[in-house]
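**Q** Take a look at this one; I'll ask things after.
The values are calculated or read from the model by the stated rules, or taken from the named source; none is laboratory data. The structure displayed is predicted, hence computed values, not measured ones. Please note: Cβ atoms are built from the backbone with ideal geometry, for glycine as well, and neighbour counts cover all protein chains shown.
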Amino acid sequence: MRKVANHWLREVLRWTYQKRTVTRADIIASTGLNSASVSHSIRYLLDRGIMLKVGDLESSGGRPREALSLNGEAGYFVAVDLEGQTMRFALTNLIGDIRYRWEEDLEFGRPLPVQKIVDSIGWVLSNLSESQAERVLAVCVNYPGVLDSAGNITAFNIGWRSFPLHKALSDALEYPVFIEHDKLSSVLAEHWLGCANSHDNTLFLIVERGIGLGMFVDGKPVQGSRDRTGEIGHSKVAPDSRVICSCGQQGCLETVASSPSIIRQYQEAIGAEPSDGGVLRAADVFKKARNGDPAAGAVVERAGRAIGFALSHAVSLLNPELIVLGGDLISGEDLFIPLIWDELRKRSLPLLLEGLQIKSSTLGLDIRLKGAASLAFRNAISNRDLLAKLCRPALAGWQSDLLRTDSRSRDEPNPRNQPQNLGK
């Protein structure tokens, strides 16, 4: 490691991770490093199997340019997502590709025991061969709720009040633990890996059990004091509503437009009890609205306009070039995007809407797992010890090492009695 400066390696790794396939010239132009520093770093990473030559690109003159990429199997992370209706776990490789995953339903408001998270992480690690386990770098967790000044988390959906998640996991696991708010993780994942890759001013709105807003402004994520930004779900859009939000207040956007609220409003409109007709999802309400169900159409319209109203304030404050919709909104984009645009045009200065785009996330349900993996990558290359672990000489035969779980069938019996939702 002494022969190549750490900051050279970090810049080369960071740029290659984000762009996926690069040339020496790309790295030099983008990082500001001189050609000798870049060449030394690339040679060092190639020698250790962290970077690979993946082909040649045509050149306008002279010899072809080598195309370079990171070797995903050079390192692994365990990614954990605690937001939404399920707890999700995945093993990801160095570049964020998910090797396998599984999930377990969460009961809203019921306290989530940390031992359950620890046991699940242990199960993920138990599926690795010895050489793979030696290349695990860190565990990364997306958390919901808010972080207090002492580093404790309050999250209503998983029943936590001032819970010391980072300490609890760090005490129980032998790997470094990184945690990040799900909103920030999502917008960073979109910026690094998704449709916001070329946009420096992006808003990411996720609608599930809760509603949150991730913000990327002038090329940097907006975090605020103790990561408490983006609580757009608790902006007041329905001041006359008597529905009590999970935060204890009334009139919040979440009481109108979150997935459970959409389902509740539809059931109230048709006079159904919550248990009637089996499990109803937000996507089912969207489908009914498309098919002309007037009650479903009214619920969707109210939710869409409330979201547009809330976003109009964010547009006025931050002047984004792209708004990305995530969570359950993806399955209803055809219904919601026109309503959001209509509200934005009514409530925002026309100049602020010039060039603005609204798109659905291209990362789907994996966005927070991929966001967790990108968090782990960024932290790992910034940590001297983890960077040294990543850059140690390659283990014999590790390049051909395949995950044992890749050949496991979804229907194969699970010896540890864990949920049967494994799959690539």
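**Q** Could you figure out which of (1) in contact (Cβ under 8 Å) with a residue 60 or more places away in the chain; (2) touching a His at 6+ places or on another chain (Cβ under 8 Å); (3) surrounded by fewer than 22 Cβ atoms within 10 Å (Cβ to Cβ); (4) assigned by TED's automatic domain parsing to the domain that holds Arg378 isn't true of Tyr143?
**A** Looking at each condition in turn, Tyr143 falls short on (3).
**Q** Moving to a separate point now. Hand me the list of helices (runs of 4 or more DSSP H) wholly inside the stretch 1-47 holding 2 or more residues that are touching a residue at least 60 places away in the same chain (Cβ under 8 Å).
**A** Qualifying helices (runs of 4 or more DSSP H): 6-19, 35-47.
**Q** Still on this structure, please answer the following. Suppose the filter is under 29 Å from the mean Cα position of the chain (by Cα), assigned to a strand (DSSP E or B) and either modelled with pLDDT of 90 or more or among the small types (Gly, Ala, Ser) (or both); does Val80 pass it?
**A** It is true that Val80 is under 29 Å from the mean Cα position of the chain (by Cα), assigned to a strand (DSSP E or B) and either modelled with pLDDT of 90 or more or among the small types (Gly, Ala, Ser) (or both).
**Q** For the stretch 97-132, give me the residue count where each residue is within 22 Å of the chain's Cα centre (by Cα), among the aliphatic types (A, V, I, L, M) and over 26 Å from Gly145 (Cα atoms).
**A** Qualifying residue count, the stretch 97-132: 1.
**Q** If I ask for residues that are modelled with pLDDT of 95 or more, surrounded by fewer than 23 Cβ atoms within 10 Å (Cβ to Cβ) and part of a loop (DSSP other than H, G, I, E, B), which ones from the stretch 271-327 would you list?
**A** Within the stretch 271-327, Asn291, Gly292, Asp293, Asn319, Glu321 qualify.
**Q** Still on this structure, please answer the following. Residue by residue through the stretch 210-240, note down the ones that are of a type in the set (Gly, Ala, Ser), surrounded by 15 or more Cβ atoms within 10 Å (Cβ to Cβ) and more than 18 Å from Leu82 (Cα to Cα).
**A** Once the filter is applied, which keeps residues that are of a type in the set (Gly, Ala, Ser), surrounded by 15 or more Cβ atoms within 10 Å (Cβ to Cβ) and more than 18 Å from Leu82 (Cα to Cα), the stretch 210-240 yields Ser235, Ala238.
**Q** Let me ask something additional. With the condition being under 22 Å from Ala376 (Cα atoms) and not assigned by TED's automatic domain parsing to the domain that holds Leu106, I'd like the strands (runs of 3 or more DSSP E) fully within the stretch 155-265 carrying at least 2 qualifying residues.
**A** So the answer is 202-207, 211-217.
**Q** On to the next question. For Asp105, state whether it is within 21 Å of Asp328 (Cβ to Cβ), touching a residue at least 12 places away in the same chain (Cβ under 8 Å), in contact with a Leu (Cβ under 6 Å, 6 or more places away or on another chain) and charged (D, E, K, R).
**A** For Asp105, the condition - within 21 Å of Asp328 (Cβ to Cβ), touching a residue at least 12 places away in the same chain (Cβ under 8 Å), in contact with a Leu (Cβ under 6 Å, 6 or more places away or on another chain) and charged (D, E, K, R) - is not met.
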